[in-house]
There are 2 protein chains.
Amino acid sequence: MLSVDQARQRIVAAFGPLESEQVALEDAAGRTLAADACARSDQPPLSVSVMDGYAVRSADSGPRRVVGSAPAGHPFSGTLGPGEALRLFTGSAVPEGADAVLAQEDVHRDGDQLSFTEMPHPGKFIRPRGEDFQAGAPLAPQGKRLAPRDLALLAAGDLATVEVRRRPLIAFAATGDELSRPGEPRKPGGIVASSVYGLGGLITQWGGEARDLGILPDRLDAIAALAKEKCDLLITLGGASVGDHDLVQSALGPKGFTLDFWKVAMRPGKPLIFGRLGATPFLGLPGNPVSTMVCAILFLRPAIAAMLGSRTGTTTRHARLIGTLPANDGRQNYLRAQYEWREGLPWAKPFARQDSAMLKIFSQADALIVRPPHAPALDEGAAIEILDLD
Amino acid sequence: MLSVDQARQRIVAAFGPLESEQVALEDAAGRTLAADACARSDQPPLSVSVMDGYAVRSADSGPRRVVGSAPAGHPFSGTLGPGEALRLFTGSAVPEGADAVLAQEDVHRDGDQLSFTEMPHPGKFIRPRGEDFQAGAPLAPQGKRLAPRDLALLAAGDLATVEVRRRPLIAFAATGDELSRPGEPRKPGGIVASSVYGLGGLITQWGGEARDLGILPDRLDAIAALAKEKCDLLITLGGASVGDHDLVQSALGPKGFTLDFWKVAMRPGKPLIFGRLGATPFLGLPGNPVSTMVCAILFLRPAIAAMLGSRTGTTTRHARLIGTLPANDGRQNYLRAQYEWREGLPWAKPFARQDSAMLKIFSQADALIVRPPHAPALDEGAAIEILDLD
């Protein structure tokens, strides 16, 4: 049986960056850069005043004569001469010849005469051209997922569009004669297909495009029909336990399914199928909803990141344990837990119940405590590795 | 001048929860519940097997006789009698009469004869009806912003739709004769309006609906025309420094603008206007993009949360300081900083440059270090309060 890390490496290795596309900057939040985004102009594009006040030449002496006013967006056309001052506002262009700005509150103006006591040093209250960055400077690297503040930066770099990766199209189907949709009449002995709603939301959150193929009965022809789907990754939910695995293999084998691996040494979620259906990568996730989502976090998220050309993966951090934990068996364990902040530092308390079908606990959890295979028993306060949910 | 907390309280007090609307569960990720979501059915809705195996009566003795097979979704119609066993699969309904499941790997079957060595205790490998939750149970509280795993939980509770708050409509306009859009010809002495792209992305991220009203010239009639906008909150960018403030007041005063406050003791972003334009709350944010976004995090995010009936606000956590910091003046300071993780704990290093126009640094920052007014100088390793970005 593969370890979690081995399984993840095998999955990630099956994906490469998708093609790129241009999107308008205002639509680029959450998208991933397909190339380094470089500035097309200096920022600021000209030297500007950071105060309401007066541009002067710092080397001059004595009071100055105000020769005009240049609000932001209405620059002075000439060059500031000896003894001259120009009225400026926040964001006004600093005129040629000037090298300092006097703040309005530090001067006395009488007609066109301007007096002040403290001489500004050169550069005072001026934001020089190119101070933030210069034309050609790299602003954000290939593979970065763009946050709102990155959009502001790229706008300042004069980029109206950006080159991003196409969103990976992830198609998924729940399999099982027992399944129905919420709000629909329940089947005899049946249960609601809940995993699909969680999975769809996660795919969107991670930058993919989710396509819900619906609920399939446990019939060879219904499952075999998945082979016609065009997508970047095809997922079945609930097609991975022993009987289902046989069914998926029987249904998809004649359609060109090749198995990479089945089963991972982990809990929740041991049964996990990975392979290829023709040219399309295929992932069979366990159907119990907590298993579905934990496996999606561990395996699907890095696969989507690989398609986006991003390194965003599964990063853990440290916390301390509330309560105690027994020694672990040979399967890597992911325990649902809640945080408590003590003196600003994270402590995590595992829920007493860890059943892979208990969605209410999963909804209330803040994090997963990662327990490696054969990890020793732990006492209160022990250092633990945690994986943030959300 | 108001403190940050005073200003935030005055702003939040101006907003209440918006009306609610029903949305389909699959569209509910990121929406905020307008009422407690309660289960419409037990979960699981019936007692099910968690293994491939055989349902038995634990009180019987000796080998059992297999009387049938009941795959998931095909429940056994009768009651299991003394000495009988029923073939089950993961997710199969446990028949009446049975109280335990034997795992397939623990039994030997010969025709319809089933033998095994270890007798299961009652309840073994059965997930009982209602174990996760029962019909009527509250699943998620009013004011909760729904994550993907909450959708799975609500689906399991048989909810096809959920009652959520309408998204607050936030309209914003940048003001300034010097401004143009990225990619367009630059105006003389002009600069790109970058803040609008960051602000639009943040509004969407926080659950609002962003409406970009464009760039307005510094003219009374253009600004006065904002009074006709129908929205839940109207924002100007760059309308808050001294001259702009006068312009906004002059333009909007005749349209029914009433000022609540102007100026907050903070850095970046001292000039901040809050008031009402007729019945519509009005927020004038500073135009320097870092100031715009820091003020949005501090004041707009809680306003949106208040409209969503949520308590999500601005929460800080603790870290340790890399480097040293001088004593602070009377303005609460928000320093852009990067994390370093040391033994799993967060340390934060402020950038040397903290200019409110430096977007590249803001894009690279992980967090803001919060420095209260008159905070003392700090040495390396001092405990600090930080606000995560993203």
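The values are calculated or read from the model by the stated rules, or taken from the named source; none is laboratory data. All of these numbers come straight from a predicted model, not from anything done at the bench. Positions of Cβ are backbone-derived with ideal geometry, glycine not excepted, and every protein chain shown enters the neighbour counts.
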Worksheet item: Looking at region B:92-108, is at least one residue away from every other protein chain (no Cβ under 12 Å), touching an Asp or Glu at 6+ places or on another chain (Cβ under 9 Å), at pLDDT 95 or above and within 30 Å of B:A303 (Cβ to Cβ)?
Response: no
Response to the item:
Every listed condition ((1) surrounded by fewer than 16 Cβ atoms within 10 Å (Cβ to Cβ); (2) within 35 Å of the chain's Cα centre (by Cα); (3) more than 30 Å from A:G143 (Cα to Cα)) holds for A:R10 save (3)
Practice prompt. Scan region A:321-352 for residues that are among the charged types (D, E, K, R) and surrounded by 15 or more Cβ atoms within 10 Å (Cβ to Cβ) and jot them down.
Written response: A:R331, A:R336, A:K349
Worksheet entry | Pick from region A:66-90, criterion exposed (fewer than 14 other Cβ atoms within 10 Å of the Cβ) and more than 14 Å from every other protein chain (Cβ to nearest Cβ), ranking: farthest from A:D110 (Cα to Cα) | A:T79
Worksheet item: Inside region B:62-91, can you point out the residues that are farther than 14 Å from B:L114 by Cβ and touching a Pro at 6+ places or on another chain (Cβ under 6 Å)?
Response: B:P75, B:F76, B:F89
Worksheet item: Quick check, is A:T117 hydroxyl-bearing (S, T, Y) and within 14 Å of chain B (Cβ to nearest Cβ)?
Response: no
Item to complete: Could you please let me know if A:F261 is more than 22 Å from A:R331 (Cβ to Cβ), outside any helix (DSSP H, G or I) and more than 11 Å from chain B (Cβ to nearest Cβ)?
Response: no
Worksheet, complete the sentence: Looking across region B:35-65 at residues that are under 21 Å from B:E105 (Cα atoms) and under 45 Å from the mean Cα position of the chain (by Cα), the single one that is nearest to the other protein chains (Cβ to nearest Cβ) is B:D52
Discussion item. For the structure I just gave you, tell me whether B:L139 is in contact with a Phe, Trp or Tyr (Cβ under 7 Å, 6 or more places away or on another chain), within 8 Å of chain A (Cβ to nearest Cβ) and farther than 30 Å from B:D246 by Cα.
Written reply: yes
Item to complete: Find all pairs meeting these conditions: Cβ atoms under 6 angstrom apart; at least six residues apart or on different chains; first residue within region B:333-347 and touching a residue at least 12 places away in the same chain (Cβ under 8 Å); second residue surrounded by fewer than 21 Cβ atoms within 10 Å (Cβ to Cβ) and hydroxyl-bearing (S, T, Y).
Response: B:P346/B:Y339
Fill in: Members of region A:1-48 that are of a type in the set (D, E) and out of contact with any strand residue (DSSP E or B) (no Cβ under 8 Å at 6 or more places or on another chain)
A:D5, A:D27
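Condition check ((1) closer than 15 Å to A:S291 by Cα; (2) at pLDDT below 95) across all residues:
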position: A:Q338; (1), (2): no, no
position: A:E343; (1), (2): no, yes
position: A:P350; (1), (2): no, no
position: A:Q354; (1), (2): yes, yes
position: A:P373; (1), (2): no, no
Worksheet item: Quick one: how many residues across region B:165-192 are more than 7 Å from chain A (Cβ to nearest Cβ) and of a type in the set (G, A, S)?
Response: 4
Item to complete: Mind counting the residues in region A:120-141 that are within 25 Å of A:V162 (Cβ to Cβ) and either aromatic (F, W, Y) or part of a strand (DSSP E or B) (or both)?
Response: 4
Worksheet item: From the residues in region A:303-320 that are surrounded by 21 or more Cβ atoms within 10 Å (Cβ to Cβ) and modelled with pLDDT of 95 or more, which one is farthest from A:K263 (Cα to Cα)?
Response: A:L308
Response to the item:
Expected single match for surrounded by fewer than 21 Cβ atoms within 10 Å (Cβ to Cβ), within 13 Å of chain A (Cβ to nearest Cβ) and not basic (K, R) among B:D355, B:D379 is B:D355
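Conditions (1) out of contact with any His (no Cβ under 8 Å at 6 or more places or on another chain); (2) of a type in the set (D, E); (3) in contact (Cβ under 8 Å) with a residue 24 or more places away in the chain; (4) not in a helix (DSSP H, G or I), marked per residue:
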{"residue": "B:L213", "(1), (2), (3), (4)": "yes, no, yes, yes"}
{"residue": "B:L226", "(1), (2), (3), (4)": "yes, no, yes, no"}
{"residue": "B:L234", "(1), (2), (3), (4)": "yes, no, yes, yes"}
{"residue": "B:D246", "(1), (2), (3), (4)": "yes, yes, no, no"}
{"residue": "B:L252", "(1), (2), (3), (4)": "yes, no, yes, no"}
{"residue": "B:F274", "(1), (2), (3), (4)": "yes, no, yes, yes"}
{"residue": "B:P281", "(1), (2), (3), (4)": "yes, no, yes, yes"}
{"residue": "B:C295", "(1), (2), (3), (4)": "yes, no, yes, no"}
{"residue": "B:A319", "(1), (2), (3), (4)": "yes, no, yes, yes"}
Worksheet entry | Single match in B:A37, B:A28 (criterion: outside the structural domain of B:L272 (by TED's automatic domain parsing) and in contact with a Phe, Trp or Tyr (Cβ under 9 Å, 6 or more places away or on another chain)) | B:A28
Response to the item:
Scanning region B:358-376 for residues that are surrounded by 21 or more Cβ atoms within 10 Å (Cβ to Cβ) and more than 12 Å from chain A (Cβ to nearest Cβ), the one nearest to the chain's Cα centre (by Cα) turns out to be B:A367
Worksheet entry | Hits in region B:175-191 (condition: touching a Ser or Thr at 6+ places or on another chain (Cβ under 8 Å) and modelled with pLDDT of 95 or more) | B:P182
Worksheet item: Considering only residues of region B:154-164 that are part of a strand (DSSP E or B) and touching a helix residue (DSSP H, G or I) at 6+ places or on another chain (Cβ under 7 Å), which is nearest to the other protein chains (Cβ to nearest Cβ)?
Response: B:T161
Worksheet entry | Of residues in region B:113-150 being small (G, A, S) and exposed (fewer than 13 other Cβ atoms within 10 Å of the Cβ), the one nearest to the chain's Cα centre (by Cα) | B:G136
Discussion item. When the residues of region A:70-113 are narrowed to those that are touching a Ser or Thr at 6+ places or on another chain (Cβ under 9 Å) and among the hydroxyl-bearing types (S, T, Y), which ends up farthest from B:P188 (Cα to Cα)?
Written reply: A:T90
Worksheet, complete the sentence: A:L202 vs (1) surrounded by fewer than 23 Cβ atoms within 10 Å (Cβ to Cβ); (2) within 22 Å of A:F299 (Cβ to Cβ); (3) of a type outside the set (G, A, S); (4) within 11 Å of chain B (Cβ to nearest Cβ): all pass except (1)
Worksheet item: Of B:F299, B:F351, B:F282, which residue is among the aromatic types (F, W, Y), assigned by TED's automatic domain parsing to the domain that holds B:G176 and touching a helix residue (DSSP H, G or I) at 6+ places or on another chain (Cβ under 7 Å)?
Response: B:F299
